[in-house]
Structures are given as structure tokens and as C-alpha cells.
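Asker: Before anything else, here's the structure in question.
The values are calculated or read from the model by the stated rules, or taken from the named source; none is laboratory data. What you see is a predicted model, and the numbers here were worked out from it, not measured in a lab. Don't worry about glycine lacking a Cβ; one is built from the backbone with ideal geometry, like all the others, and counts go over all protein chains shown.
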Amino acid sequence: MFARIAAFALLGLSGAALAQSLPPGYPADYGQTIAAAGKEGKVVIYSALDTKAAQPLIKDFSALYPNVKVEYNDMNSTEMYNRFIAEAASGQGSADVMWSSAMDLQIKLVDDGHALAYASPEASKLPGWAVYKNQAYGTTYEPAVFIYNKRLVTADEVPQDHAAFAKLIATKVDKFKGKVTTYDIEKSGVGFMFVVQDTKYFPGMKDLEKAFGASSYRVYASTGNMLEKVSSGEHLLGYNVLGSYALVRAKKDPALGVVLPKDYTLVLSRVLFIGKQAKNPNAAKLWTDYILSQRGQKLIGGDVELFSIRSDVDAEYTAASLAKQLGPNIKPIPVSAEIVGMLDQKKRLEFLGDWKATLQAGASGK
Amino acid sequence: MRTSVVAAFPRALTILVTASAVLAPLSLIFYQSFLTAPFFDARKTVGVGAYEFIFADSDFWQASLNSLLIASTMVIIAVPLGGLLAFVMERTDLPAKRWIEPLLLVPSFVSPMVLAFGFVVAAGPVGFYTVWATELFGGAPWGIYSLTAIGIIAGLTHVPNVYVYASAALKSLGSDVEEAARVAGASPFRVALTVSLPLIQPALLFAAVLVFFLGFELFGLPLVLGDPEGHLVLSTYLYKLTNKLGTPSYHLMAAVAICIVAVTFPLVLLQRFLLQNSRKYATIKGKAGRMRELPLGKWKWIAGGLIGLWLFVGVIVPLSGIALRAFVTNWGYGAKLSEVLTLEHFQSIWDEPTLVRAIWNTILIGTVGGAIAVACYTAIGFATHRRNDGWSRFVDYLVLVPRAIPGLLAGLAFLWVFLFFPPLQPLRTTIFSMWLAYTVVWLAYGMRLISSSLLQVSTELEEAARTVGASRGTISRQITLPLIRHGLVASWLLVFMIFEREYSTGVYLLAPGTEVIGAQLVSLWQGGAIDIVAALSFVNVVLVGVGLALALRFGVKLRD
Amino acid sequence: MAELTVTDLHLTYGDNPILKGVSLTLDRGEVVSLLGPSGSGKTTLLRAVAGLEVPHQGSIRIGDKVVFDGAAGNDIPAEKRNLGLVFQSYALWPHKTVFDNVAYGLKLRKISGAEIQTRVTKALEQLSLGHLAARFPHQLSGGQQQRVALARALVYNPPVILLDEPLSNLDAKLREEARAWLRELIVTMQLSALCVTHDQGEALAMSDRILLLNNGRIEQQGTPEQMYSEPGTLFTADFMGSNNRLNGRVTEVGGGHALIEGEGWRLWGAAKASAKAGQDGTAMIRLERIRLAAGPGDNRLQAALTTSMYLGDKWEHLFHLGGARLRAYGDRPLGRGNHWLEVPREALWIF
């Protein structure tokens, strides 16, 4: 009895949702996708974004598709990858949607055939570099920034570009010794990806690495740790910190300052794809399209406090607002096979070896 | 004949289940260490590449050396302090001993993750105490991120482990041998040096081995305190391998785990050997009579002061740090306490379903899970109780095995078991998976609690039941079990506290549905959600505190 | 001259008084036993003398040296009292060899290595332990352990040796041999010994004097003969030896004698201080003093035989008389039925 009433209510609601939300450009049979998703009843998401941060998206999606329950699980990006491949291998099924800032791992999963091909009707609204083989999509536009402690770093010291950062810690060794922090690139995939990009764009990277070594810099696995330590004054400067998190905290934290480097700013885009073994593929498609849609992106640039990747969205944090500040010096990391190259064991270990050697050279004053 | 088969069945089943629960994960780790890719990956091949890789990695050797250094530092600090503490507590007229004793054991019931985190916020470069000291004296003469500091902190927090064994040994050491020495003309100090200490030497040695191998498995402290200066130990090296190659390197992690086991398992066996050896003295131990307490005189204040200092450094500093950090928005130089007070972090926990679930799960796994674990340990205890056959000896060694495996890896192995062993698959995302891992990881601890209860039941009581016609099973249920019920309740409370504090086992088992506070702390710490870590740590400390208060209220002896 | 003098000693554990004013002296070459049931305070007294318990009142002197004085707040620690103590458990140090156990006290007294060697060897020889010097305590039998404990206590020639139930850990047969051996040793070595025991037979055999303690007080003291044959109180009479006791009513007291009557019997006996005419009283007689009689007579009574036990050198018969039970020795078995028993007037004490 109860089941019948519930089913009836579900059908009624999905009809209403259909009428409201089908924007132009969606295929005519999209209604069937919505209906099928309603039958699936839920979508399982693995994400590297905190549940708390993602809450506005989950609420809004649930309002849009009340008959699709969102099972949102946050975990760190490596853990996501490990869990996904293990679950896939055990044949028990894994996440319907994978959404992670570890762009290289996401692309690798796609290349290894773990993604379901899906041409999102929203794909045309994204920059070309953010769409990969109609399987994976870049969803955000998050800059890598410098952070500093406002109480302890004077205004004239605050470095505005990469070269100034290197110069500052190289010249004021006494003040910054042990007080500079960045990602531990052995522990953090995102941090690793950033410095690989840095070597591409910043000719003085070797000098910066040496300066890191000379100032006996401190490394952490996550942005949160760096924010905490810089805010408390245990460290003074942070390099390549995820700007989305830093700006959010800086709004509430009087001790934290954020700099978007003027020479170039790296931009990371959270990659999303649908799992090939997804048990709820239709619901997964709805989530994908929602995240890429104007409605989802407006939230991403607003309450979620990441940066919207679409140029046609009006919100606080958008690709457009960044472009206004930085002009052409924005360097998005492309959602492409290029970044997977560094997952090759040999290349990666070589890169890490070089990195360490340069640091040591800096530390020993050469 | 038929009756004996029926009677033997529960025992055989118990042994079989225990053996699979212990050996399946271990063999999986062993197997994985000789592969070149995750064992479930079609591209895997068999080989020793993993060992070649780690042996060629300078980080591995550095981590091994650091582990050795930290473990040695711990022994050097914990053994003399623990032994001395035991002597002061057991043999002198130190005032307020009754109140001091439960406090002494607190460090062993607080999660090392929480302690380490507490040290960072309390005594780190901008910790509360550091800031205060700097404001008052213009500087704070300590640092907590160096290898030495980690060793010292670990040593101080492991003093209770030594104290427990040393004081138990002193308790069972008849006071008559000490009195005999005094009557013969030896001063109290001389008695301690020439009679008491040599006689509890086996216990001290045992504790030293224990502390040494705990040093090799240390995870929470170096994870948190070793980060800023990049000091790796074996377990954090293993954890780092999760990401070093960009993609998971289970084979490397398994190889490191096998290396750790290669160090710890012989130590566990050595411990067992020492324990048996120490019983040699027990055969002629005198009667433990009332002992006239040694008057400390003016030393009373020095001894009391030292104990107070140790408690202050090892317990009060980190816990007060946690408590403060949980209630402020930000901290450090220039932050005014009155301006940054907040309840926001607890609100955040409350708002996040996974964290609320983590708290409930943690309570559940401690109370219900702890009770079921004690029931399992009891079943295993009965399977070997008063039986001196090959199976009993097998189980004796079996229960020691999990002790040697770092909890981190045991958890990972259990994840694999739950993923790839079809009957268990549906249970993977339930708290059962976490419970099973906890129960197996703490098997040796639990069995020690149970068997010490069982040993207190005199053989005659059971033989008496036998002669009036009770079968083995009936005796177990109707004679032995009722006799040890107080011991079981005490074991349950102790297991509760251990399960509340456990953190490393859950790290890889953490999944939607299996959240527990300990593992969440590791994950949140890695993610840098410091506010939440502080608040959750606070909740954890409160839970352990409730357990401790209950234990004291019901007069549970906090050690076996 | 008194080697040990204890005066009005009081000792309390918490609220529980253990010694309530005990005094004793021990002369040179004398063996004094502290006898009493468990809880009487005898071991506590011994330990207080050794310095292992702290009394709160009274004084203890060893020779002419005051080692404890409650009033003056004077308390010399155990290690400075220079006494020898043999523990009930022997308390041998399990991590030292027999030789080292015995040598320990000498080492503490800063005696030269060579002399330690001679004195320990001599002590061990004296106690027939010479061949065991290199053994560890757990390799010895109970009797050997006891002798090591003794050697350890004697080797530095303490003025007084304290023995805490020295024989109680031995087997019954061994105990009797050890008793004789110990008495002989003490006498030949001219030791002054204070010995705690709960076994009246042991006390009688070993001691020159016995102090019977009851509930923290000295009930009676004297030579073994006095204690056995002239008990002052019912407690002493009851504690020493095997007894028959009969409860009745004292009807007459006079001239050192008293008459006590019960259901179907009336007996004359020696009146003790507590016996009052017209009050309830207790008659007591040692088992070996009651005699089988052929028929009725003075101070005789009739009782029914329940059973007889053969003890080897004699028979023990068990009789019932009303609600009371009587035991008597005889040199032959008895037939069933009623028998007459004679209770010698001088051997019956009436309390």
C-alpha cells in the first residue's frame, strides 16, 4: 500500500521536474533519462570535496530531482582512486560518479577504460580543454595561490609573482627559515601536478626550489594544514595553495592573506566522470549535467566557493572574474592525456629525484 | 565416541574461525608483497620487485633508522621512569597514591593521534603554551618536531606500559625478601638496588621489549609531529607510499609491512619467552604480606613533583591544548582568546552526517562491539583453557600474530578480505568490517585479559564440578563463566577504552557506513580540517573519560 | 642480663588494635616462644621487634640500646637493629646463590672478602650445607631452604635471633626432626632466640619460656611445664594440649576446690580464680589424665561409647554424655555400651 503511494508520488514529482528543468539544447529524450534516474532512485558519488562544502549542490540537486537520493562520500583523492579500482576489480560496483581534484588520476582511470562515455548536452558551454573524449569533464576553475600571515609578513614583503616569492625567501633567510610551506609532492597528487606545471611556465623554478631547500621549507599533504599553520603564524608563507579553500578561509580569518601570482596563475579543474560499472548511470548523467549546467555552476561560483568554469555564469567566483584580475596570465591545467604522463613510475621517480637533488643543493648553499 | 565429536565441535569451530581471521589477512599481505601490482590487477606478475624498490629507496633506510632511534629513545626513557614510578607507588609512603594511580594510566588510554595533535596545538611553535611562555619570558626553550622530541614524547607516553608490568611484578614479589634484606642490614635504597630491581628484572625486560616494538609500530605521533620537518618512520613511510608513485603501490606497502613484521614478530616471541622465563622465580615467591611503606621524608616532594611534572607534560599539556583548540576559531601570536572563542566546530560536526555517524559508530563499536569482542575472546579462552594439547599451543601463538602487524596494514588487509571474499562482501560497508578488524588487531591484548581472569579460577573448583558429573561444556558455562564474570565486565570496559582510542586500523577501512572517530581523525588531519580534528578529538577524549570514570567507579583494575 | 626488653607495646592497624600493651624480656641464651592463635598479634610483635612494624606506644630495647621508644619518638630502622630474622617463607633471594644469600649481611657490614669466605663457609658447614653453596634457592628442598635461611640470619652473630614460624613450611615428619635439630643448635650455639609459633607442641619442645598471646595481650607466661600443667585461665588450659571440657553449674567452692554439676554427673576439681559458686562453670581435663574405671566411684561418671580409634601406641575412645563428648586414651579396645570414667580430682580444673 505504502509502496504504491510512494511510487505514484515519485512519478508525479519527476514529471514536474521535467517540465521545469529542461533547458534548450537538451535532447528530446532527456525525459526518459530523468524517468530512468527516478527509478534508480539514487546516485553514489565519490568526491574529494568535503561534504560540508558540497552541501549547497546536494540540496539544490535534491530540490531539482527529489526522487534521486544523493549518496555523497568525501575522501582524499588517492583514497578515491584506490577504492575505485579495488571495488571495480572485485566486481561489486563502485561509485556512479567520480569527482576529484587529482586530475591526472581521473584521466588515468578514463584511459584505463573505467569511464562511461557520455556526451553531456552542456559540454559545448565548456572551454575545449575541459572536455576529454566525451568521458571526463573539468568542472571548476581553481587557482593555485600564495598565502601569507598578515600579522607577521609586512605589506612590502608580500610577493606578487613567482620570482618575487623566490627572491623573498632567498634574501630574508633568517626571517623565513622553516617558515615557508607548500605541498609535499610525494604525498599530494595535486601538489605534484602543480610543480610539474610550474616547471613548464616558470623559468626560475630551479632557483625557487633551491630557495626552498635553503629556507628548510615545510611540507604538508593538504591545503588545510598549510592554511592552519600560516594562519597561526607557525609558518609565514604558503606556496601553491588551493585558492578556492584559501579565499574562503581568508574571508573569516583576519590573519590570512592570499595572493594570486601576477606573472601566471595555475588553474586546476576538478574532473568528473561516470563509472563504467555505474549501477545508476542515468542518475549519474543527471548529476553530471547538473554540475555543468548554469544552475549548478552558479552555485559552484557562489555558495560552494569554488570557481565556476563557465564563462556565462554570474557569481562571486568565476573564471571570468579571475580573468578580469589576471588577464591572459591564467594557465589552466588541461583535462588531457598530457598530464597522465607523469604517472609513469619511472618519469615520476626521476622528477622526484631531481626535485630532491635541487632542494639539497639549495640547502647546502650551492 | 559420538559425544566426544559433538563436544569437540564448538572448540574446533572456534579455533578454525580464529585461525582464518588472523591468518587470511596476513597471508594476503605476504602474497601481495611478492607481486608487482595490486593482487586484483590483471597485469600483476610475481616477483621481488617491491622489495628491490624499497631497499633501493633511501627514504626506507632513513625511516628504518628513525624507527630504530625512536624505539631506542622510548626504551631509554620509559623503562627507568616506569620502573622507578612503580617502586615509588608500590613501596613508599608517597601521599595521595590512591588519586595518582588512575591518572598514571591515562596516557595509555588516549589516542596517540589526539595526544600528538594536542602537543602541536599546545606546545608547537605557536602552541598555546609556547605563546604564553614567549609572552612571559620572551621565548620557549622547546621544540616538538625533531626526531629526539618525538622519541621523548613517545617515551613519556609509554611510561604507563612499563609501570603496569613493573608494579605488577613488585606486587607479586613477596615483601619478605625485601624485609629479609633490611633485617640483614641493607638500607631501603640498597634494598631497591640489590633485591627489588634484580627480582623484577624479567618484568622490566619484558616491558622494554614491549616498548621497543611498540616504537616500531608508532604511527599517530610521527604522522603528526614528523610532518613539519619531514621525519619518516616505517609506518609513516608505508602510509606515504599510498601516493608516492601517483597510483597506489600496494605491493610496496605490503613489502614494508612484511619488513616491519620481520622485526616485530621475533620481538613478540621474545616477549613470550621472557614471560615464561620470569615464572621460574614465581615458584618460590614468598607470601605477599603487609609491607611497611618506605618513608620518603623530604624526597616525598621531589617524587611527587616529578610525577606531577610528567603528568603535566604527558597528559595535561596535550589535553588542555585540544580542549582549547576545540573552542577557538584561530590561534597563534596576536590572537586574543576572548575574541576567538566559539562553538562553531561542534556545530560543524553536528551538521555533517558522516561525523555524527562516526561518533555513534565509535560509541557502538566500543560498547556493543567491545562486548561481542570480549565474548569472542572468552570463547577462544575456553577453547584452550586447561587443555595442554597441540591445538592450545597453536592458538597461544596464533593470538600473538596480530600484535606484530601494524594496525594500518591489518586494516588494509581486512579491506581486501571484505572486497574479495564473497560471503563477507555485503558486510563491507557496515561497521562489522571495522569491528572484525579491531577485534583481530587487539586479539593478543584481549586474550591476556581473559586468560588472567581464567587463571584465577582454581583448578579444584572445575575438577570438583567434573567429579560430580558435569561435562567440560557444562563446567565452562555453569562454573567457570559465573566465576569470571567480574573479570569479563572489567575486560569489557578496558576493551571499550581501547576501541575508543584505536585509530590506525580504521584508516583504510574507512568508508561510508564504517566511520569511526579514530580513523576520521587521521583522514581529517591529512585533509587539514584542523577545526574539526580538534572538536572530534575533544569528543573522543570525553568518551574515553566516561569509560575511565565508569571503570574507576566499578573498581576495575586498569591493568591485568 | 636481658638481651631484649619489650615494655608495654601498643600497635594499631587503622582502627584495629593489634597489640594492647605487651611486655617481655629475653635473657641471653634463652629461647622464648610467642604462642597464640592466628590474629593474637604474635607475628606482629616479632615484626615490631625487627623494626618491620611501627608500634605507637611502648619501648623496645636490644641489650642496652633503645631501638624504639614511642614517647621519645625514637625508631631505629630495621637495618640498623642488627638482628637475625628467619622468615616463615624463608624469603631467600631467588637471584642469589646460597653462598651469596648468606654472605649478603656480611657484605653490608663491609667485611673483607676473605673473611666473608671463611665465615660463610663455616656457617654452611655448621648447618651441613657446605656442598650446596653454589646452588640457587629454587634448586633446594624445603628443609635445605630452611637451613639456608637460618645460616643467613646467624652468620653475622646477631645478639638476638627472631624465628617466624620456622617449621611450619616443612612436612609433618621432617618437622619433628627439624625441631630437635633446631633446639640443639640454639642450645649449643648459645643463641638468644625469640620464636613465633601457633603449634603448642612446637612451643613446648623448643622453648625455655612460653608467652601465650591472646587478642593482643599476654594471657600467661612461664616455663613449658607451668604453662601445661598450671594454666591460669580457661584460654590457656584450652590452648595447651588436648582437652575434654564439660559445661555445668558450680555448686560449691572452698579450700582450693570446687564442685561442678551437670546432667547426671557431679565432679570435684581444683578451683580456678574464675570459679564462683552458684554460677555456670567449665570443667576441663587433659585427655591423657582421664582414666577408664571398672565401676562407679568417687569423681567418676558413666558415658556411652560411640567409637574407638587405634593410634598405634594406644586407643582413643569417644564417649557421649548427654550433649557433651568425652575422649579418653586406653591400652585396649572396649565393647559397646556404657563405661565408667575416672576424673582425678587434682587433674580437673574448674573455671
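Asker: State whether the residues of the range C:109-117 include one that is buried (at least 16 other Cβ atoms within 10 Å of the Cβ) and among the polar types (S, T, N, Q).
Answerer: No, there is no match, as no residue in the range C:109-117 is buried (at least 16 other Cβ atoms within 10 Å of the Cβ) and among the polar types (S, T, N, Q).
Asker: When you scan the range C:20-35, how many residues do you find that are under 17 Å from the mean Cα position of the chain (by Cα) and touching a residue at least 60 places away in the same chain (Cβ under 8 Å)?
Answerer: 10
Asker: Right, another one. So for the range A:326-336 (the condition being more than 23 Å from A:THR223 (Cβ to Cβ), in contact (Cβ under 8 Å) with a residue 60 or more places away in the chain and surrounded by fewer than 24 Cβ atoms within 10 Å (Cβ to Cβ)), does at least one residue qualify? Spell out the reasoning first.
Answerer: Keep residues of the range A:326-336 that are more than 23 Å from A:THR223 (Cβ to Cβ), which gives A:327-328, A:336.
With the extra rule that they be in contact (Cβ under 8 Å) with a residue 60 or more places away in the chain, the set shrinks to A:336.
Filter once more, keeping what is surrounded by fewer than 24 Cβ atoms within 10 Å (Cβ to Cβ): A:336.
Yes, the conditions are met somewhere in the range A:326-336.
Asker: Oh, and also: I need the full set of residues from the range A:243-252 which are under 19 Å from A:GLY189 (Cβ atoms) and facing chain B (nearest Cβ under 10 Å), in order please. If you could, list the steps in order and put the result at the bottom.
Answerer: Taking the range A:243-252 as the starting set, the residues that turn out to be under 19 Å from A:GLY189 (Cβ atoms) are A:243-246.
If the condition is that a residue be under 19 Å from A:GLY189 (Cβ atoms) and facing chain B (nearest Cβ under 10 Å), then A:TYR245 is the only one that fits.
Asker: Shifting gears a bit: Looking only at the range A:262-272, decide whether some residue is more than 19 Å from A:GLN106 (Cβ to Cβ) and in contact with a strand residue (DSSP E or B) (Cβ under 8 Å, 6 or more places away or on another chain). Step through it out loud before you land on a result.
Answerer: Just the residues of the range A:262-272 that are more than 19 Å from A:GLN106 (Cβ to Cβ), to begin with: A:262-265.
Those left that are additionally in contact with a strand residue (DSSP E or B) (Cβ under 8 Å, 6 or more places away or on another chain): A:264-265.
Looking for residues that are more than 19 Å from A:GLN106 (Cβ to Cβ) and in contact with a strand residue (DSSP E or B) (Cβ under 8 Å, 6 or more places away or on another chain), one finds at least one in the range A:262-272, hence yes.
Asker: Exactly one condition in (1) among the polar types (S, T, N, Q); (2) surrounded by fewer than 20 Cβ atoms within 10 Å (Cβ to Cβ); (3) touching a Leu at 6+ places or on another chain (Cβ under 8 Å) is not met by C:THR121; state its number.
Answerer: (3)
Asker: Take the residues of the range A:176-202 that are within 14 Å of another protein chain (Cβ to nearest Cβ) and among the charged types (D, E, K, R): which is nearest to A:LEU237 (Cα to Cα)?
Answerer: The extreme case among them is A:LYS179.
Asker: Checking C:ARG289 against (1) surrounded by fewer than 13 Cβ atoms within 10 Å (Cβ to Cβ); (2) within 24 Å of C:ALA203 (Cβ to Cβ), which test does it fail?
Answerer: So the condition that C:ARG289 fails would be (1).
Asker: Only one residue in C:ASP8, C:ASP69 is surrounded by 17 or more Cβ atoms within 10 Å (Cβ to Cβ) and either at pLDDT 90 or above or not assigned by TED's automatic domain parsing to the domain that holds C:LEU212 (or both), so which one is that? It would help to see each step written out before you state the result.
Answerer: Values: C:ASP8 fails: surrounded by 17 or more Cβ atoms within 10 Å (Cβ to Cβ).
Residue meeting the stated conditions: C:ASP69.
Asker: Further question: Kindly state which strands (runs of 3 or more DSSP E) lie completely within the range A:123-217 and contain at least 2 residues that are in contact (Cβ under 8 Å) with a residue 24 or more places away in the chain and farther than 27 Å from A:GLY113 by Cβ.
Answerer: A:142-149, A:180-183
Asker: Can we say B:ALA335 is crowded, with 17+ Cβ neighbours inside 10 Å, at pLDDT 85 or above and not assigned by TED's automatic domain parsing to the domain that holds B:SER491?
Answerer: It is false that B:ALA335 is crowded, with 17+ Cβ neighbours inside 10 Å, at pLDDT 85 or above and not assigned by TED's automatic domain parsing to the domain that holds B:SER491.
Asker: Looking only at the range C:312-333, which residues are over 18 Å from C:GLY262 (Cα atoms), among the aliphatic types (A, V, I, L, M) and touching a Phe, Trp or Tyr at 6+ places or on another chain (Cβ under 8 Å)?
Answerer: Matches in the range C:312-333: C:ALA328 only.
Asker: Sort through A:THR171, A:THR181, A:THR154 and tell me the only one that's under 25 Å from A:TYR220 (Cα atoms), in contact with a His (Cβ under 7 Å, 6 or more places away or on another chain) and in the same structural domain as A:ALA255 (by TED's automatic domain parsing).
Answerer: Exactly one of A:THR171, A:THR181, A:THR154 is under 25 Å from A:TYR220 (Cα atoms), in contact with a His (Cβ under 7 Å, 6 or more places away or on another chain) and in the same structural domain as A:ALA255 (by TED's automatic domain parsing), namely A:THR181.
Asker: Let me ask you something else. Taking A:ASN82 and the conditions (1) out of contact with any Gly (no Cβ under 6 Å at 6 or more places or on another chain); (2) in contact (Cβ under 8 Å) with a residue 24 or more places away in the chain; (3) within 10 Å of another protein chain (Cβ to nearest Cβ); (4) buried (at least 20 other Cβ atoms within 10 Å of the Cβ), which numbered condition does it fall short on, given that it satisfies the others?
Answerer: With (1) out of contact with any Gly (no Cβ under 6 Å at 6 or more places or on another chain); (2) in contact (Cβ under 8 Å) with a residue 24 or more places away in the chain; (3) within 10 Å of another protein chain (Cβ to nearest Cβ); (4) buried (at least 20 other Cβ atoms within 10 Å of the Cβ) applied to A:ASN82, the lone miss is (2).
Asker: Out of all the residues in the range B:333-355, is one or more within 14 Å of chain A (Cβ to nearest Cβ), of a type in the set (Val, Ile, Thr) and over 29 Å from the mean Cα position of the chain (by Cα)?
Answerer: Looking through the range B:333-355, at least one residue is within 14 Å of chain A (Cβ to nearest Cβ), of a type in the set (Val, Ile, Thr) and over 29 Å from the mean Cα position of the chain (by Cα).
Asker: A further question follows. Within the range A:210-235, track down each residue that is crowded, with 24+ Cβ neighbours inside 10 Å, in contact with a Leu (Cβ under 7 Å, 6 or more places away or on another chain) and more than 7 Å from chain B (Cβ to nearest Cβ).
Answerer: If the condition is that a residue be crowded, with 24+ Cβ neighbours inside 10 Å, in contact with a Leu (Cβ under 7 Å, 6 or more places away or on another chain) and more than 7 Å from chain B (Cβ to nearest Cβ), then A:PHE212, A:VAL230 are the ones that fit.
Asker: Still on this structure, please answer the following. Of everything in the range B:22-49, what is of a type outside the set (D, E, K, R), within 12 Å of another protein chain (Cβ to nearest Cβ) and in contact with a strand residue (DSSP E or B) (Cβ under 9 Å, 6 or more places away or on another chain)? Give them in sequence order.
Answerer: Scanning the range B:22-49 gives B:THR36, B:GLY49.
Asker: Find the helices (runs of 4 or more DSSP H) located wholly in the range A:244-361 whose residues include 2 or more that are under 30 Å from A:ILE85 (Cα atoms), out of contact with any Lys or Arg (no Cβ under 7 Å at 6 or more places or on another chain) and at pLDDT 90 or above, and list them.
Answerer: Numbers: elements: A:281-292, A:294-300, A:319-326.
Filter on the range A:244-361 gives A:281-292, A:294-300.
Residues are listed down the side, and each one gets a yes or a no for (1) surrounded by fewer than 23 Cβ atoms within 10 Å (Cβ to Cβ); (2) in contact with a strand residue (DSSP E or B) (Cβ under 9 Å, 6 or more places away or on another chain); (3) of a type in the set (A, V, I, L, M):
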{"residue": "B:GLU460", "(1), (2), (3)": "yes, no, no"}
{"residue": "B:ARG477", "(1), (2), (3)": "yes, no, no"}
{"residue": "B:VAL495", "(1), (2), (3)": "no, no, yes"}
{"residue": "B:TYR503", "(1), (2), (3)": "no, no, no"}
{"residue": "B:GLY506", "(1), (2), (3)": "no, no, no"}
{"residue": "B:ALA519", "(1), (2), (3)": "no, no, yes"}
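Asker: So, one more: Given the conditions (1) more than 19 Å from B:CYS259 (Cβ to Cβ); (2) surrounded by 16 or more Cβ atoms within 10 Å (Cβ to Cβ); (3) hydrophobic (A, V, I, L, M, F, W, C), and given that B:ALA96 satisfies all but one, which numbered condition is not satisfied?
Answerer: Against the list (1) more than 19 Å from B:CYS259 (Cβ to Cβ); (2) surrounded by 16 or more Cβ atoms within 10 Å (Cβ to Cβ); (3) hydrophobic (A, V, I, L, M, F, W, C), B:ALA96 comes up short only on (2).
Asker: Oh, and also: Of B:ARG477, B:ARG501, which residue is modelled with pLDDT under 85, in the same structural domain as B:ARG403 (by TED's automatic domain parsing) and among the basic types (Lys, Arg)?
Answerer: None of the others qualify; the one that does is B:ARG477.
Asker: Let me ask something additional. Assess whether C:LEU341 counts as being surrounded by 13 or more Cβ atoms within 10 Å (Cβ to Cβ), within 13 Å of C:ASN244 (Cα to Cα) and under 28 Å from the mean Cα position of the chain (by Cα).
Answerer: When the stated conditions are applied, C:LEU341 does not pass them.
Asker: Taking the options B:SER187, B:SER235, B:SER172, name whichever one is of a type in the set (S, T, N, Q), within 14 Å of chain C (Cβ to nearest Cβ) and touching a residue at least 12 places away in the same chain (Cβ under 8 Å). Walk me through how you get there before you give the answer.
Answerer: Numbers: B:SER187 fails: touching a residue at least 12 places away in the same chain (Cβ under 8 Å); B:SER235 fails: within 14 Å of chain C (Cβ to nearest Cβ).
Being of a type in the set (S, T, N, Q), within 14 Å of chain C (Cβ to nearest Cβ) and touching a residue at least 12 places away in the same chain (Cβ under 8 Å) holds for just one of B:SER187, B:SER235, B:SER172, which is B:SER172.
Asker: Can you tell me which residues in the range A:279-291 are more than 24 Å from A:ARG310 (Cβ to Cβ) and surrounded by 24 or more Cβ atoms within 10 Å (Cβ to Cβ)?
Answerer: Hit for the range A:279-291 is A:ASN280, nothing else.
Asker: Could you give every pair whose Cβ atoms fall below 9 Å, whose first residue belongs to the range C:38-59 and is over 12 Å from C:LEU9 (Cβ atoms), and whose second residue is assigned to a helix (DSSP H, G or I) and modelled with pLDDT of 90 or more, counting only separations of at least 6 or pairs across chains?
Answerer: C:LEU52/C:LEU46
Asker: May I pose another question? I need the full set of residues from the range C:44-76 which are closer than 25 Å to C:GLU165 by Cα and of a type in the set (D, E, K, R), in order please.
Answerer: Listed by number, the residues that qualify are C:ARG47, C:GLU53, C:ARG61.
Asker: For residues that are more than 8 Å from chain B (Cβ to nearest Cβ) and part of a loop (DSSP other than H, G, I, E, B), tally how many sit in the range C:76-132.
Answerer: Qualifying residue count for the region: 9.
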